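K.L.:
Have a look at this one before I ask anything.
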Amino acid sequence: MLLRQFLIEWKLYSRDRVAMFWTFLFPVLLLLGFGVIFRSQGPALTLVWSMPAQASAADAELEQAMARTPLKLLKLSPAEAEARWRRGETAAQIEKDQDSYRIRVNSYLLAQGQGAAQIAQQAHLLAEARHSGLEIKLLPILMESPGHAHATNYAAFLLPGLIGLNLLSMGLFSVGMVNVSYREKGKFRRLAVTPLPKWIFLGGQILHRLTVVILQSVVMLVAGWLVFGISNQGSYLALALVLAIGTGCFMAMGFALSGFAQTTETYGAISNIFFFPMMFLSGVYFTLDSAPKWLQEAVVVLPLSPYIKALRGIFNDGAHLSDHLAGLVIVGIWALLAFGVAVKRFKWA
């Protein structure tokens, strides 16, 4: 009976082509799109130089110092540089300021502008030191991850984040929304008077979602390996256990939230209160390094943030479960609390 219910769930699910697209194809398209756009370490930092018609000796020394940096120098006339600045196309610009220089940073492009400005400051100090007869050696910078195995492309960072976000979407929308829809349409009332045991119905749903998660994750991993050459650096058993923990947590959240709504419209509003903060603040697409310290610490209590850190640690750095035990405990607590609420709030009518 459980097997039949499981097959029925898959048959119903496979008939919804829109759901199949968003579950299996859309995450792969996101991975391919962002992975190709940011395939390298990132775009070169561009510094616009408002260069006068006659370059001085100081200008030549500064240009020579900047040639030793990763900056992409774009030399323009003062009029061209000002026009580009007014169009909002410049992140950072260096220009003459009486006998010295100054750097303007676009307040709308701080991420690129501040980085370029800091490197330009460094180049200026090198030029000044050389002008004074000093030779300064810069400290070498080594880019690596804690596990010394992190791939250099953005896709390696993005893939675990997308898997975690897919689990959250599956729990809140594929589980929670479907159950509210069943209740709203009276399907639960009809099932309650049939010989079908309740645990068979719920068990069929759980098994179906588990297989969806497995297939979804396999599709993502294969796409990452074929297109970007990235693969799991840790234990596949640990990766499977983390996937199971996340599936249980987010499915429980979906069941719990479905107990607070009688219509799909109400459930959509309730679920989005949880979904959007976790999607934007849990490190799915980018880190929160530049965010205030209090925000970085606050988002740890949300289940998706420590979950993605654990998933990313195992996949990218070959970490062990013990390395992320505290975060997984937070996810487990959320799962237990959500399961308790789901049991208390669940109704067939």
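The values are calculated or read from the model by the stated rules, or taken from the named source; none is laboratory data. Everything numeric here is computed off the predicted structure, so don't read it as measured data. In this analysis, Cβ positions are derived from the backbone assuming ideal geometry, glycine residues included, and neighbour counts consider all displayed protein chains.
K.L.:
Just checking, does the range 10-29 include any residue being assigned by TED's automatic domain parsing to the domain that holds Ala117 and part of a helix (DSSP H, G or I)? Talk me through it step by step, then tell me what you get.
P.N.:
Of all residues in the range 10-29, those assigned by TED's automatic domain parsing to the domain that holds Ala117 come to none.
The answer is no, given that none of the residues of the range 10-29 is assigned by TED's automatic domain parsing to the domain that holds Ala117 and part of a helix (DSSP H, G or I).
K.L.:
Next question. In this structure, is Gly340 of a type in the set (Gly, Ala, Ser) and either more than 27 Å from Ala261 (Cα to Cα) or not in a helix (DSSP H, G or I) (or both)? Lay out the reasoning, then the answer.
P.N.:
Details: of a type in the set (Gly, Ala, Ser): yes; either more than 27 Å from Ala261 (Cα to Cα) or not in a helix (DSSP H, G or I) (or both): no.
Spelling it out, it is not the case that Gly340 is of a type in the set (Gly, Ala, Ser) and either more than 27 Å from Ala261 (Cα to Cα) or not in a helix (DSSP H, G or I) (or both).
K.L.:
Being in contact (Cβ under 8 Å) with a residue 12 or more places away in the chain, assigned to a helix (DSSP H, G or I) and under 14 Å from the mean Cα position of the chain (by Cα) is the requirement here; does Gly327 meet it? Don't jump to the end; show me each part of the working.
P.N.:
Working: in contact (Cβ under 8 Å) with a residue 12 or more places away in the chain: yes; assigned to a helix (DSSP H, G or I): yes; under 14 Å from the mean Cα position of the chain (by Cα): no.
Spelling it out, it is not the case that Gly327 is in contact (Cβ under 8 Å) with a residue 12 or more places away in the chain, assigned to a helix (DSSP H, G or I) and under 14 Å from the mean Cα position of the chain (by Cα).
K.L.:
Any residue that is modelled with pLDDT of 90 or more, in contact with a helix residue (DSSP H, G or I) (Cβ under 8 Å, 6 or more places away or on another chain) and buried (at least 20 other Cβ atoms within 10 Å of the Cβ) - is there at least one of those in the range 180-191?
P.N.:
yes
K.L.:
Touching a Lys or Arg at 6+ places or on another chain (Cβ under 8 Å) and either surrounded by 15 or more Cβ atoms within 10 Å (Cβ to Cβ) or not assigned by TED's automatic domain parsing to the domain that holds Phe173 (or both): does that describe Gly283? Walk me through how you get there before you give the answer.
P.N.:
Numbers: touching a Lys or Arg at 6+ places or on another chain (Cβ under 8 Å): yes; either surrounded by 15 or more Cβ atoms within 10 Å (Cβ to Cβ) or not assigned by TED's automatic domain parsing to the domain that holds Phe173 (or both): yes.
The answer is yes for Gly283.
K.L.:
Find the residue count for the range 50-99, including only residues that are within 33 Å of the chain's Cα centre (by Cα), part of a helix (DSSP H, G or I) and more than 15 Å from Ala116 (Cβ to Cβ).
P.N.:
Number satisfying all stated conditions: 1.
K.L.:
Please determine, by comparing only the residues of the range 322-349 that are of a type in the set (A, V, I, L, M, F, W, C) and surrounded by 18 or more Cβ atoms within 10 Å (Cβ to Cβ), which one is modelled with the lowest pLDDT. Spell out the reasoning first.
P.N.:
We begin by selecting, within the range 322-349, every residue of a type in the set (A, V, I, L, M, F, W, C); these are 325-326, 328-331, 333-339, 341-343, 346, 348-349.
Next, only the ones that are surrounded by 18 or more Cβ atoms within 10 Å (Cβ to Cβ) stay: 328, 330-331, 334-335, 338, 342.
On the way: Leu328: 96, Ile330: 96, Val331: 96, Trp334: 96, Ala335: 94, Ala338: 93, Ala342: 88.
Filtering first and then ranking leaves Ala342.
K.L.:
Just give me the residues in the range 73-102 being over 13 Å from Thr46 (Cβ atoms) and surrounded by 14 or more Cβ atoms within 10 Å (Cβ to Cβ), in sequence order.
P.N.:
Result: Glu80, Glu82, Glu95, Lys96, Tyr101.
K.L.:
Please state which one of Leu239, Leu207, Leu191, Leu202 is within 26 Å of the chain's Cα centre (by Cα) and in a helix (DSSP H, G or I).
P.N.:
Details: Leu207 fails: within 26 Å of the chain's Cα centre (by Cα); Leu191 fails: within 26 Å of the chain's Cα centre (by Cα); Leu202 fails: within 26 Å of the chain's Cα centre (by Cα).
Just a single option satisfies the conditions, and that option is Leu239.
K.L.:
For the range 7-15, check the following and say yes or no: at least one residue is surrounded by 14 or more Cβ atoms within 10 Å (Cβ to Cβ), at pLDDT 90 or above and in contact with an Asp or Glu (Cβ under 6 Å, 6 or more places away or on another chain).
P.N.:
No, because not a single residue in the range 7-15 is surrounded by 14 or more Cβ atoms within 10 Å (Cβ to Cβ), at pLDDT 90 or above and in contact with an Asp or Glu (Cβ under 6 Å, 6 or more places away or on another chain).
K.L.:
Only residues that are of a type in the set (A, V, I, L, M) and either surrounded by fewer than 10 Cβ atoms within 10 Å (Cβ to Cβ) or assigned to a helix (DSSP H, G or I) (or both): list them for the range 104-137, please.
P.N.:
First pass over the range 104-137, keeping only residues of a type in the set (A, V, I, L, M): 105, 109-111, 116-117, 119-120, 123, 125-127, 129, 134, 136.
Across the range 104-137, the qualifying residues are Leu110, Ala111, Ala116, Ala117, Ile119, Ala120, Ala123, Leu125, Leu126, Ala127, Ala129, Leu134.
K.L.:
Residues of the range 257-280 being within 27 Å of Leu311 (Cα to Cα) and exposed (fewer than 12 other Cβ atoms within 10 Å of the Cβ), which ones?
P.N.:
Ile273, Phe276
K.L.:
So Ala319 fits all but one of (1) outside any helix (DSSP H, G or I); (2) over 21 Å from Met220 (Cβ atoms); (3) of a type in the set (A, V, I, L, M, F, W, C); what number is the exception?
P.N.:
(2)
K.L.:
Considering only the range 162-177, how many residues are of a type outside the set (A, V, I, L, M) and either surrounded by fewer than 24 Cβ atoms within 10 Å (Cβ to Cβ) or more than 20 Å from Leu241 (Cα to Cα) (or both)? Reasoning before the result, please.
P.N.:
We begin by selecting, within the range 162-177, every residue of a type outside the set (A, V, I, L, M); these are 164, 166, 169, 171, 173-174, 176.
Pick out the ones that are also either surrounded by fewer than 24 Cβ atoms within 10 Å (Cβ to Cβ) or more than 20 Å from Leu241 (Cα to Cα) (or both) and you get 169, 173-174, 176.
Qualifying residue count for the region: 4.
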